[in-house]
Protein chains: 2
Amino acid sequence: MKQKMIDVSIHLFDKKGFTETSIQEIVDELGVTKGTFYYYFTNKQELLTTIHLNFIEFLLKKQEEILQDEAKDSREKLRAMIYMVLQSINERKKSARIFFREMRNLGPKYLEQNVEKRDQFRKNLQQLVEEGIHKGEFQEDLHADMVTRGILGMTNWSYYWYNPEGDVSAEELTDIYVEILLNGINKSD
Amino acid sequence: MKQKMIDVSIHLFDKKGFTETSIQEIVDELGVTKGTFYYYFTNKQELLTTIHLNFIEFLLKKQEEILQDEAKDSREKLRAMIYMVLQSINERKKSARIFFREMRNLGPKYLEQNVEKRDQFRKNLQQLVEEGIHKGEFQEDLHADMVTRGILGMTNWSYYWYNPEGDVSAEELTDIYVEILLNGINKSD
């Protein structure tokens, strides 16, 4: 029931917005009483934070696997990570939209642990950029922090527009983004 | 009074969210009656769409100026446009956040004209990428549409994290992003 409640809420929060969705609507959708809701969650914020944590923890787990893959060099890890983010945002589109849009509705109590994990995700990517610099795969004078922000901008923004049913698959989009990031769009003179 | 009402609403919508802000709160803040509100706006959606249109029209105007600057080649136009977006999002941070977060609260009637202008902004940037390809400044095999999405991701995402009071100025961030986009982070073997 807990997972069902989470799934129904993801659907409603994405469709109507977190603030606009009442606990009554959630339990009506499931054909249960409010008592059932309060058996699993203290309030709507706690449900929202569960959705957020599920999403970011899923991404962190996938990210760790890539970081620890010793068969890959930094460039390959970068590619794998970009593909993973595009793919995950796309596969879990509703959760992704709720994650990016509804963060500020968490309230201070739940916000902190979410922000911590979100920051961890960014720091892991930055660590990969730094590793690539250190190993001589990426240029040595890079501003690793800002490069990381730029990569996250490219990938995260996909939640706003990307439709893999369109002309470009997640694999192709990964290739395009990796090519820009590694080699740029400049034509050598 | 209309501009004052817009300014107060930008502040409240950013702080509390569009749905959570009532017309009563807006007029209370200004010390006027609801009648004054309805003199200028049919409803809250119309006020929101005015905020959105002001923001995107400001960006479009700046963008047209850059596109029409014949003294600049495509690379310089790209740099100018990235700087303009970072700078504008930062200078109008509250409007930018409302623009990106509250789009879906516009309702179908107002959404259309906003989406049209937002699409125009993207198409103008894509036109610049295509111009650069055509003139031999950018590589000829680029997927102009996806490259444009990537650039917009890097710049638009700045609304989410960028604080120019921090270590990196808008000029420096522009340099970093332009350098990645033009030349990539790869170290040549």
Determine, yes or no, whether residue A:151 is surrounded by 15 or more Cβ atoms within 10 Å (Cβ to Cβ), more than 14 Å from chain B (Cβ to nearest Cβ) and of a type in the set (A, V, I, L, M). no
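Under the condition of being among the acidic types (Asp, Glu) and within 14 Å of chain A (Cβ to nearest Cβ), which residue from the range B:63-93 is nearest to residue A:160 (Cα to Cα)?
Result: B:76.
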Picked from the range A:1-45 (must be within 14 Å of chain B (Cβ to nearest Cβ) and assigned to a loop (DSSP other than H, G, I, E, B)), the residue farthest from residue A:102 (Cα to Cα) is A:22
Step by step: first the residues of the range A:94-138, then only those that are buried (at least 19 other Cβ atoms within 10 Å of the Cβ) and of a type in the set (Asp, Glu), then the one that is nearest to the other protein chains (Cβ to nearest Cβ). Which residue is that? A:137
Could you please find all residues in the range B:105-127 being under 22 Å from residue B:178 (Cα atoms) and free of Cβ contacts under 8 Å to residues at least 40 places away in the same chain? B:122, B:123, B:126
I'd like the residue in the range A:64-104 that is without any contact (Cβ under 8 Å) to a residue 40 or more places away in the chain and in a loop (DSSP other than H, G, I, E, B) and, out of all such residues, is farthest from residue A:133 (Cα to Cα). A:92
Please state which one of A:163, A:156 is of a type outside the set (Lys, Arg) and without any contact (Cβ under 8 Å) to a residue 24 or more places away in the chain. A:163
Qualifying residues in the range A:159-189 (those that are within 7 Å of another protein chain (Cβ to nearest Cβ) and part of a helix (DSSP H, G or I)) - the one farthest from the chain's Cα centre (by Cα): A:183
Take the range A:31-88 and flag every residue that is among the basic types (Lys, Arg) and under 19 Å from residue A:150 (Cβ atoms). A:75, A:77, A:79
Report yes if some residue within the range B:138-147 is more than 30 Å from residue A:17 (Cβ to Cβ), in contact with a Lys or Arg (Cβ under 6 Å, 6 or more places away or on another chain) and modelled with pLDDT of 95 or more; otherwise report no. no
Among the residues of the range A:126-141, is any over 23 Å from residue A:49 (Cα atoms), assigned by TED's automatic domain parsing to the domain that holds residue A:179 and under 16 Å from the mean Cα position of the chain (by Cα)? yes
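Yes/no matrix, rows are residues, columns are (1) touching a Gly at 6+ places or on another chain (Cβ under 8 Å); (2) over 27 Å from residue A:185 (Cα atoms); (3) in the same structural domain as residue B:136 (by TED's automatic domain parsing):
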site	(1), (2), (3)
B:5	no, yes, no
B:18	no, yes, no
B:51	no, yes, yes
B:66	no, no, yes
B:69	no, no, yes
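The values are calculated or read from the model by the stated rules, or taken from the named source; none is laboratory data. Note that the structure is a prediction, hence the values are computed from the model and not measured. Cβ atoms come from the backbone with ideal geometry, glycine included; neighbour counts cover every protein chain shown.
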